[in-house]
1. With a point put 7 Å past each Cα toward its Cβ, work out how far D234 is from E324 in nm, to one decimal.
2. What does the charge count around T179 come to, taking other residues whose C-beta lies under 11 Å from its C-beta (Lys +1, Arg +1, Asp -1, Glu -1)?
3. Distances over 21 Å make up what percent of all Cα-Cα pairs in segment 481-567?
4. Using +1 at the Cβ of each Lys and Arg and -1 at the Cβ of each Asp and Glu in segment 114-221, identify which of A125, L152, S203 lies farthest towards the dipole's positive end.
5. With Cβ to Cβ distances under 14 Å as the rule, what net charge do the other residues near K438 carry (K, R +1; D, E -1)?
6. Around H166, which amide H atoms from residues at least 5 apart in sequence, or from another chain, sit under 5 Å from its own amide H, with H modelled in the peptide plane?
7. For segment 481-582, what is the percent of antiparallel DSSP beta bridges, rounded to the nearest 5?
8. Taking the highest mean first, how do the peptides 435-447, 179-191, 509-521 order by number of other beta carbon atoms within 10 angstrom per residue?
Amino acid sequence: MCGIIGYVGSRRSQDVLFAGLRRLEYRGYDSAGVAWREDGRTECVRAVGNLDSLDSALAAHAQGGGVATATAVASPSIGIGHTRWATHGSVTERNAHPHADASGHFRIVLNGIIENYRSLRERLAADLIECSSDTDAEVVAQLIALNYDGDLADAVRRSLGELTGHYAIVAMCDEEPDTLVGVRHECPLVVGIGAGEHFIASSISAFIAHTREVAVLDDDEIVVLRANELTVSDAGGLPHRPASTEVDWDDERCEKDGFETFMLKEIHEQAGAVADTLSHWRASRVVGANGGLSDELLRAVNRIVVVGCGTSYHAGLAGRLAIERWARIPVDVEVASEFRYRDPIIGPGTLVLAITQSGETADTLAAMRLARARGATVMALTNAVGSQATRDCDGVLFTRAGIEMGVAATKTFVAQVVLLYALALRLAGLTEALPEAKLAELQSELELLPERINDVVSSVDEPAQELGERLAWSPFFLYVGRLSGLPVAMEGALKLKEISYVPTDAYAAGEMKHGPIAMLGPDTPVVCVATEDSVLPKLLSNLSEARARGARVLAVASAGCEEIGDYADHVFYLPRTDPLLQVVLGIVPLQLFAYHLARARALNVDQPRNLAKTVTVE
């Protein structure tokens, strides 16, 4: 989710690179760096922290004899830049990108994760090549150098066959000082085409100020950029003319990658957020990290308490179901603002999971401090490196959703839920509560979620828009669900309330006759999440009661659940998977429904009234 920028042309590359990184800053990062050709050598400046730190480092480089602030440049000027979010290795200048091989002749930037980097490190060590950092990016630089035989594009191509993971890479080398080579595999990478210059970046926004002619690379295509030359070839080396298009975007829309709002962009980014979160979890397992959750610590846990607010609380409800059902460990889920005041009974043997996307939520931070003071082990689950939550805990589990600009949480929610699922499966393995075959099946299904999220987004967007426009002026909505459908219903109702301002309530479906049914009538749509087959007959009974009172029913169900069509006016069907995993898929139609309904009411979905992205006060 971080940012890549590369440039070759007659402009000062340092200026182009730094400005491009500024335009990519919204994607999230914890360190940054640039590398460029200067006076016949490659210079590299890196810094921990935000781009202001990098700016200061570039100024210090210039004062130390570099020409980072000079106006004249050699022709061509060439360089690469990166905003990095730590996945392998800590947040240090040594680990910041760009990375070099042992000789210093090759520099690369990399987005994504190389999942087999440890085995590649061992292979390099066998060739007496030692890595100076903890990152997977350096392994790629070393591998490209090892495969180099006078042609950088060929060295990149030969290296691809050894890489497992999802990534976008841009490389440069001293032996070909006028050339950049880029490749992507399941990570975004686009080329900007100019007159006597070319750009390459993870987003069009990085170079939109200089050119609007864009070529989008397909997976495993290799692009070679020189100031007056652009060639693209497939994985086998067969060249072809890249298809380009003229983008007619203003600066604001460009920052949204062409989407009309940040919220819609972030709904479409959810597959990537889940994939990156899972990849980071796997990489952390390899190095024995996972936020400090050792097997010894987890085996000593006899109870888990999850605290969170709003969307994070709903993610906790989904996590509870998974941990209890798969690992057979009791879990309580608490609203952080209540937990901190109700004198909770916790102590040693209790693991407190504090979920906060920003890492700065005041009530959650207070709950964490209370839990630690009483002897519990406290883990933060957050999207924000360096936030207060990461300093007030015993360990951190990071989601990798990137910056979320829309106030209403979307991709951060699914990333939180998926990380809780990954933890639940690890606990299940330690407690041996599931057979090995079932554990492997669930792990496999978990890994398929990014692909299935994309399928759901593409299949439900149009019907969600039609329904949102049709029901935009309904006075009240009731959302219901059972078991894993309940947190989906609660989060779906929250999305509708947050961005449309329509009165909406969410209930466990079994509670309908205990009060909510009094609200139903012909103008009150009921949204039902029916993804748990074990309670489907009960849900169908609830829907019959709603239909008897004239309510229009919208349902979310798994593929193959044909009988629900007799009880609902419209059904959003999801790819079939384990019922608990359906939380991640089931929320997508409800996000899109809320989005299109709010847009039909001509509302600002990115900045809803009275709400802030980070709640730092009570």
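The values are calculated or read from the model by the stated rules, or taken from the named source; none is laboratory data. All values derive from a computational prediction rather than experimental measurement. Here the Cβ positions follow ideal geometry from the backbone for every residue, glycine too, while neighbour counts run over all protein chains shown. What goes into the accessible areas is simple: the full protein's heavy atoms, side chains included, and nothing from ligands, DNA or RNA. Shrake-Rupley method; radii C 1.70, N 1.55, O 1.52, S 1.80 Å.
1. 5.3
2. Charge balance in the 11 Å sphere: -4.
3. 23
4. With unit charges placed on the Cβ atoms, the residue in question is S203.
5. Every neighbour counted, the sum reads -3.
6. I113, E115
7. 0
8. 179-191, 509-521, 435-447
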